[in-house]
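Scroll down for the structure; my scribbles are underneath it.
The values are calculated or read from the model by the stated rules, or taken from the named source; none is laboratory data. Nothing here was measured: the structure is a model prediction, and the numbers come from that model. Neighbour counts are summed over all protein chains in view; Cβ atoms, including those assigned to glycine, are modelled from backbone coordinates with ideal geometry. Note: accessible area is taken over every heavy atom of the protein model, side chains too, but ligands, DNA and RNA are not part of it. Shrake-Rupley method; radii C 1.70, N 1.55, O 1.52, S 1.80 Å.
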Amino acid sequence: QVQLVESGGGLVQAGGSLRLSCAASERTFSSYAMGWFRQAPGKERELVAVISGGSTNYADSVKGRFTISRDNAKNTVYLQMNSLKPEDTAVYYCASDPRLYSILVHHTPNYWGQGTQVTVSS
């Protein structure tokens with residue numbers, strides 16, 4: 001089992017920034033696709049961002065505000081969130097899968113983190 005542990009969530013005012021971190025136990029972390037999902041109250045889970053190799057993809061709602069990155073030496077993926085809006089409030093989940101397709105299309109990665117709460121006040 002690959003273990004993923006998120007951190008960095010919290011309460012922030014609109015317009016502020018947070019950086020989420022996800023530490024992975026997987027020894028082949030660098031070869032896996034990594035992504036961030038979020039789920040807000042009353043809404044479906046949505047894919048926020050994904051990184052695979054040098055390629056990144058973002059939901060339209062966060063383009064220009066969020067940046068996903070990874071540090072393979074530390075087995076860690078990050079989500080830098082700037083210009084936060086109240087509608088960004090959600091539980092954010094880190095996810096990993098050997099196949100990018102499983103994250104981008106199926107939204108069924110093999111491995112999930114426990115989630116971290118992000119709350120943006122207006």
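Ligands, DNA and RNA left out, the accessible area of the chain computed with a 1.4 Å probe is 46% carbon and sulfur. Using the Karplus relation 6.51 cos²θ - 1.76 cosθ + 1.60 with θ = phi - 60°, the per-residue 3J(HN,Hα) values for the range 12-23 come to 9, 6, 3, x, x, 9, 9, 10, 8, 10, 9, 9 Hz, with x marking Gly and Pro. Under 5 Å between amide hydrogens, built in the peptide plane, is the criterion, and for S83 it picks out nothing among residues at least 5 positions away or on other chains. For G115, the residues 5 or more places off, or on other chains, whose built amide H falls under 5 Å of its own are E6, C94.
Relative contact order (percent) for the chain, with alpha-carbon contacts under 8 angstrom and 6 or more residues of separation? Relative contact order for the chain comes out at 36 percent.
Using DSSP to define loop residues, name the GluC sites (Glu not before Pro) in the range 19-85 whose beta-carbon has at most 12 other beta-carbon atoms within 10 Å.
Hits after loop and neighbour filter: E44.
Taking trypsin sites (Lys or Arg not before Pro) across the range 10-42, the ones in a DSSP loop with at most 12 further Cβ atoms lying within 10 angstrom of their Cβ are R27.
Think of each Lys and Arg Cβ as +1 and each Asp and Glu Cβ as -1; about the Cα centre, that makes the dipole of the range 1-102 roughly 140 debye.
The residues of the chain present an accessible area of 51 Å² per residue when probed at 1.4 Å with all protein chains retained.
In order along the range 96-113, phi translates into HN-Hα couplings of 8, 7, x, 10, 4, 4, 5, 8, 5, 10, 6, 6, 10, x, 5, 10, 10, x Hz, rounded to whole numbers, per the Karplus curve 6.51 cos²θ - 1.76 cosθ + 1.60 with θ = phi - 60° and x for Gly and Pro. Given their separation in residues at 0.36 nm each and the Cα-Cα distance between them, S121 and A23 gain 32.6 nm when the chain is fully extended. Counting every C-alpha pair in the chain, the share spaced more than 18 angstrom apart comes to 45%.
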